[in-house]
Amino acid sequence: MSTHHDLDRRDFIKVRAAAGGGLLLAAYVPFKNGAFESAAPFQPNAFIAIDPDDSITIWLARSDMGQGVRTSLPMVVADELDAEWSRVRVVQADAHPTKYGRMMTVGSNSVRGGSWTPLRQAGATARAMLIAAAATRWNVNASELRTQNSRVIHSASNRSLSYGELAEAAAALPMPAQVPLKQRSQFRLIGTRLPLIDTKDKVMGKAKFGADMRVPGMLFATVVHSPVFGGSVGSFDDSAARRVPGVRDVKQIPTGIAVIAENTWAAFQGAKALRITWNNGAFAMNSADITASFVRLADSGTAAVARNDGDARGAIQQSAKRVSATYEMPYLAHATMEPMNCTADVRADRCEVWAPTQNPQSVQSTAARISGVPAENVTVHVTYLGCGWGRKSRQDFIEDAVHTSKAVGAPVQLVWTREEDMQHDFYRPATYNRFEGGLDANGRLTGLTVRIVAPPIGGGDGVDGSTVSGISSARYAFPNFLVEAVRSNVPVPVGQWRSVGPSQNTFILECFIDELAHAAGKDPIAFRQAMLSDQPRLRRVLELVAEKSGWRSPVPDGRARGVAIVEDRGGFVAQVAEVSFNNSQVRVHRVTCAADCGQLIHPGIVEAQISGSIIAGMAAALHGEITITNGRVVQSNFNDYKMLRMSEAPIIDVHLIDSAQEPGGVGEPALPPAAPAIANALFALTGKRIRKLPIKPEMFTADQSS
């Protein structure tokens, strides 16, 4: 996303005196429908307060779900401000319909999606005004002054003043028309590995996640939902539930049956004791039925064209060699470590919500709608999120909490059981994908067609962007390229899952690219490089990962290497996986990753996000699968929906490219290449193609063409 937009400086940054005579700046970022606007009104997304005691407060309008924004975003402001980092305090902003702009935290968007330049400008403007205040007081030219560690310094006279001493005077000055930003060589904080500001609180148990919230007079609750998608409550008997010690009440709410108790455990036990008769509705498909419906749609469904370069079908028909394959991807749950929870307090004239949410403004509007309280009287406090992955941008668990609090007339902390969480998700869509490619006599790609069948995540007609993302946006120079999408209406709820479309589409595309390379008799990396002549950043990460993984050196006995690449949300990533297969067990020994994510704010955070993404991608490759029987999810907990175990974790070797480009995505781009790199390594080792996830031992004995 481009961050270039025309802003009037006086509209962009507004200054007023803070309480106590300090300096308060608000950066205004116009954002609507996924793009920046140049028209008013402008909405603040970051505030800087400088108090007379030299403390600096930065308000954060993004949700922290482990990606480290409570450290990285303040670093951007503090660097341009030349602030003393030890005096910086970060405060999580409450939801506001307009005050902070778009607060939704998704799509690796916290830094790259409009925060980078505006936050730099906010810090630089504050610094310029402090310098101007000091120049006025000393009657010197501002060009004679410099800043360092929250002080303005006049080297010629050896005088200095702290920001706190200058804050009130700076607030009274006119706004500078233009403020230069630092050159990269001048950064003091950006690009360094500062200790994360919240690590100690997390280690000591002081950090407040959603389930940690406590409110005076609070009750605890859980909700039982229909096990079948589209079902509803027919009747229920709550007599046994009410006899469970600690259970206070049972209420039917629009989304199911809520059990209210003195503690969460009692609520869970009461929920188990409920006797409910469900109206299951019309949906009763099994996973095999869903796949069969996808196949029918691939054969005869109406396809929307997502990309059509040249004449792909004609080029393939005239090719010296044709390659075709079908790939299937399963539904995946988010399975966040912290299950869905929300604390709500609905009163006659106000509503207060504490939520681990990625979308606080939607929480505010949802709570207002259900409670009947005006949105301006709804306060939403954003807690830490124990993992998000897109799941906590949804409102279903918020609705449960607000409905329940309204029904009992008291503050309620609602927590889903792990079973409810696993079986009532918005799943990553299952997909069915057909590829055909053509090669000329020299092994060069002549044409490629892809037909994807999937339920859409977004609404509206035409091509669902998430369905084709990662394929239609591929950076390869395909000479003739056709991408088609066919919509499925299977009523399994679907939603954004970490890295969304590329999480599955990179697997199918990068595996098929490997199939083409094999058919062409080409090295997989060389085959890719030949199609990336105009993509220097992808070529660079591909070259770097080949070097660092030892791609061209011998592989230890019993092992093989596979490669995959992606450009996703401004992050350019290449990975090589080194694997073995013994006693029907896939073992990933090492994953080497080269990444160009643009300007690095905090390299340690970037490395951690990349490592976590690789682990998540491996879990999806080796274990992840949600299956449906009679319209309901089979899996219910981590015993049958497995995460990657510590004993399965490989050595992860991350290499970051120092880049002067605008910051790109970090939290998601390293996930998509993990699965195809593993699958491509397994083909190199066993001669068996993996065209369906998760990877299972029986795939290596099945009759598959290679």
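Odds and ends about this structure:
- Per-region count, region 513-559, residues under 26 Å from Pro650 (Cα atoms), aliphatic (A, V, I, L, M) and open to solvent by less than 10 Å² (accessible area, probe 1.4 Å): 7
- Boolean, Phe220 is assigned to a strand (DSSP E or B), among the aromatic types (Phe, Trp, Tyr) and in contact (Cβ under 8 Å) with a residue 40 or more places away in the chain: yes
- Checking region 176-184 against the condition returns no match, with no residue being more than 26 Å from Asp53 (Cβ to Cβ), open to solvent by less than 10 Å² (accessible area, probe 1.4 Å), in contact (Cβ under 8 Å) with a residue 60 or more places away in the chain and touching a helix residue (DSSP H, G or I) at 6+ places or on another chain (Cβ under 7 Å).
- Taking first residues from region 308-332 that are at positive phi and partners that are surrounded by 14 or more Cβ atoms within 10 Å (Cβ to Cβ) and modelled with pLDDT of 95 or more, the Cβ contacts under 6 Å between residues at least 6 apart in sequence or on separate chains come to Gly310/Asn480.
- For region 194-215, a residue qualifies if it is touching an Asp or Glu at 6+ places or on another chain (Cβ under 8 Å) and either closer than 16 Å to Ala344 by Cα or of a type in the set (Asp, Glu) (or both), and the qualifying residues are Asp198, Phe209, Gly210, Ala211, Val215.
- Region 212-229, residues that are under 28 Å from Arg275 (Cβ atoms) and either at pLDDT below 95 or touching a Ser or Thr at 6+ places or on another chain (Cβ under 8 Å) (or both): Met218, Phe220, Ala221, Thr222, Val223, His225, Ser226
- Once region 218-243 is narrowed to residues that are farther than 15 Å from Asp396 by Cβ and of a type in the set (Gly, Ala, Ser), the residue that is surrounded by the most Cβ atoms within 10 Å (Cβ to Cβ) is Ala241.
- Verdict on Ala207 being touching a Ser or Thr at 6+ places or on another chain (Cβ under 6 Å), open to solvent by less than 50 Å² (accessible area, probe 1.4 Å) and not in a helix (DSSP H, G or I): no
- Pairs meeting the criteria (first residue in region 106-123 and of a type in the set (Lys, Arg) and open to solvent by less than 10 Å² (accessible area, probe 1.4 Å), second residue at pLDDT 85 or above and part of a loop (DSSP other than H, G, I, E, B), beta carbons under 9 Å, at least 6 apart or on different chains) are lacking.
- Which listed residue is outside any strand (DSSP E or B), open to solvent by less than 20 Å² (accessible area, probe 1.4 Å) and under 24 Å from Val468 (Cα atoms), from Ala595, Ala620: Ala620
- Residue within region 576-590 that is hydrophobic (A, V, I, L, M, F, W, C) and free of Cβ contacts under 8 Å to residues at least 40 places away in the same chain present: no
- Condition check for Ile690: crowded, with 20+ Cβ neighbours inside 10 Å and closer than 30 Å to Trp278 by Cβ: no
- Thr366 under 22 Å from Val412 (Cβ atoms) and either assigned to a strand (DSSP E or B) or in contact with a Leu (Cβ under 9 Å, 6 or more places away or on another chain) (or both): no
- Within region 133-172, the residues that satisfy the criterion of being open to solvent by less than 50 Å² (accessible area, probe 1.4 Å), at pLDDT below 95 and hydrophobic (A, V, I, L, M, F, W, C) are Ala133, Leu166, Ala167, Ala169, Ala170, Ala171.
- Residues of region 276-311 that are aliphatic (A, V, I, L, M), farther than 15 Å from Tyr331 by Cα and not in a helix (DSSP H, G or I): Ile276, Ala282, Ala284, Ala303, Ala304, Val305, Ala306.
- Yes/no for Glu578 being among the acidic types (Asp, Glu), farther than 15 Å from Ser503 by Cα and either open to solvent by less than 10 Å² (accessible area, probe 1.4 Å) or under 19 Å from the mean Cα position of the chain (by Cα) (or both): no
- Residue satisfying all of: in region 630-685; part of a loop (DSSP other than H, G, I, E, B) and of a type in the set (D, E, K, R); least open to solvent (accessible area, probe 1.4 Å) among these: Glu668
- Verdict on Arg569 being under 18 Å from the mean Cα position of the chain (by Cα), of a type outside the set (Ser, Thr, Tyr), within 26 Å of Arg193 (Cα to Cα) and open to solvent by 40 Å² or more (accessible area, probe 1.4 Å): yes
The values are calculated or read from the model by the stated rules, or taken from the named source; none is laboratory data. Keep in mind that what you see is a predicted model, and the values were worked out from it rather than measured. All Cβ positions, even for glycine, are placed from backbone atoms using ideal geometry, and neighbour counts span all protein chains on display. Each accessible area value is taken on the protein alone, full model and side chains, heavy atoms only, with ligands, DNA and RNA left out. Shrake-Rupley method; radii C 1.70, N 1.55, O 1.52, S 1.80 Å.
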